[in-house]
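> If you scroll down you'll find the structure; I have some questions about it.
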Amino acid sequence: MSSFKEIVTKAVIGKAKKSSSNSFSLTPEEMPNTVLGCWVINHKFSGTNNANGSVLVTGSFDVNVWYSYNNDKSTAVTTKNFSYSDTMNIPLKDDHDITDTSEIIVRCLRQPTVANVSVDGANVNLEIEKEMGVEIVGDTKVKISVEDTFDDYDEIYDEVDDDVLNEIDENYLNETAN
């Protein structure tokens, strides 16, 4: 006969991912003619409970733009830090809620990259794409089937037959030592 027990444990109670594309603009010191290269570095991010099953993911990154100016006779690199915030609605399993004890784990599934860059007068316009994933870890219950077990052990006695005892040669060790 089996019975059921409930175990309270930590588990992923909600999970989601979101791809986003954001537009940014920067103005270099010189009037740019051509963008020669563009890259994103120093991506930092975190997530906080935003109530009602949503998580606010905030972060920042630096964008380096290498450009030519002065009729393509000179080049320079400019760097600017950009911040972002994305609200992610997380579907929670089994009517769970995000509480103060819930752990919010944010992962970058695809690092921010420049999808498009263009020069518009004195400005450089950027389109940055990224993909973020969020997991919510919280308390949950697991039901398991427990088989009945025996707490007491039966004692087993080895019984030796009198015939076996009579066949034992008590001088065996002394005879082999000589």
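> At 222 nm, what value in deg cm²/dmol follows for the chain if DSSP H runs of at least 4 each add -39500 (n - 2.57) and the sum is divided by all its residues, to the nearest 500?
Values: 2 runs with 11 residues, N = 178.
Per the formula, -1500 deg cm²/dmol.
> To continue, here is another question. Kindly count the pairs of lysines across the chain whose alpha carbons are less than 28 Å apart, treating pairs on different chains or eight or more residues apart as eligible.
Total qualifying Lys-Lys pairs in the chain comes to 29.
> What is the set of long-range amide H partners of residue 38 at a cut-off below 5 Å, with H atoms built 1.01 Å from backbone N?
Residues meeting the criterion, in which the H sits 1.01 Å from N, are 66.
> Oh, and also: For the pair residue 12 and residue 143, what calculated FRET efficiency results from E = 1/(1 + (r/R0)^6), where r is the Cβ-Cβ distance and R0 = 25 Å, to the nearest 0.05?
Working: r = 18 Å, r/R0 = 0.71.
E between residue 143 and residue 12, to the nearest 0.05, is 0.90.
> Any number yet on Rg/Rh for the range 78-178, C-alpha, Kirkwood?
Details: Rg = 37.8 Å, Rh = 23.2 Å.
That ratio is 1.63, to two decimals.
> With the Cα gyration tensor of the range 1-77 giving a ≥ b ≥ c as the square roots of its eigenvalues, does the rule (a/c under 1.5 for rounded; else a/b larger than b/c for prolate; else oblate) give rounded, prolate or oblate?
Working: a/c = 5.31, a/b = 4.07, b/c = 1.30.
Taking the square roots of the gyration eigenvalues as a ≥ b ≥ c, the range 1-77 is prolate.
> Full-extension gain between residue 81 and residue 62, please, as 0.36 nm times their residue separation minus the C-alpha to C-alpha distance.
Details: separation 19, 0.36 × 19 = 6.84 nm, distance 0.43 nm.
Going from the current span to full extension adds 6.4 nm.
> Under a 5 Å amide H to amide H cut-off, with H placed in plane at 1.01 Å, what residues pair with residue 90 once short-range neighbours are removed?
It is 54, 55, by chain and number.
> Quick one: 5, 93, fewest Cβ neighbours within 10 Å first, how do they rank?
The most exposed by this proxy come first: 5, 93.
> What FRET efficiency do you get for residue 127 and residue 93 if R0 is 30 Å and r is their Cβ-Cβ distance, rounded to the nearest 0.05? Write out the running numbers ahead of the final one.
Working: r = 35 Å, r/R0 = 1.16.
E(calc), rounded to 0.05, equals 0.30.
> Restricting things to Cα coordinates, could you compute the convex hull volume per residue of the range 2-147 in Å³? Present the calculation step by step, with values, prior to reporting the outcome.
Values: hull volume 16.0 nm³, N = 146.
Once divided by residue count, the hull of the range 2-147 is 110 Å³.
> Could you work out the local net charge near residue 28, counting Lys and Arg as +1, Asp and Glu as -1, over the other residues with Cβ closer than 14 Å to its Cβ? Let's see the in-between values first.
Numbers: positive: 80; negative: 29, 30, 120.
With Lys, Arg at +1 and Asp, Glu at -1, the net is -2.
> What is the sum of charges, Lys and Arg at +1 and Asp and Glu at -1, for the other residues whose Cβ falls under 14 Å from the Cβ of residue 83? Write down the numbers at each step before the final one.
Details: positive: 44, 80, 130; negative: 62, 86.
In short, +1.
> Lys and Arg at +1, Asp and Glu at -1: add these up for the other residues within a Cβ distance under 9 Å of residue 136 and post the number. Display every interim value, and only then the final one.
Working: positive: 15; negative: 103, 135.
The answer is -1.
Any read-out appearing in this document is the output of simple, stated calculations on the displayed coordinates, not a laboratory observation. Since we're looking at a predicted model, the values are computed, not measured. Glycine also receives a Cβ, built like all others from the backbone with ideal geometry; neighbour counts cover every protein chain displayed.
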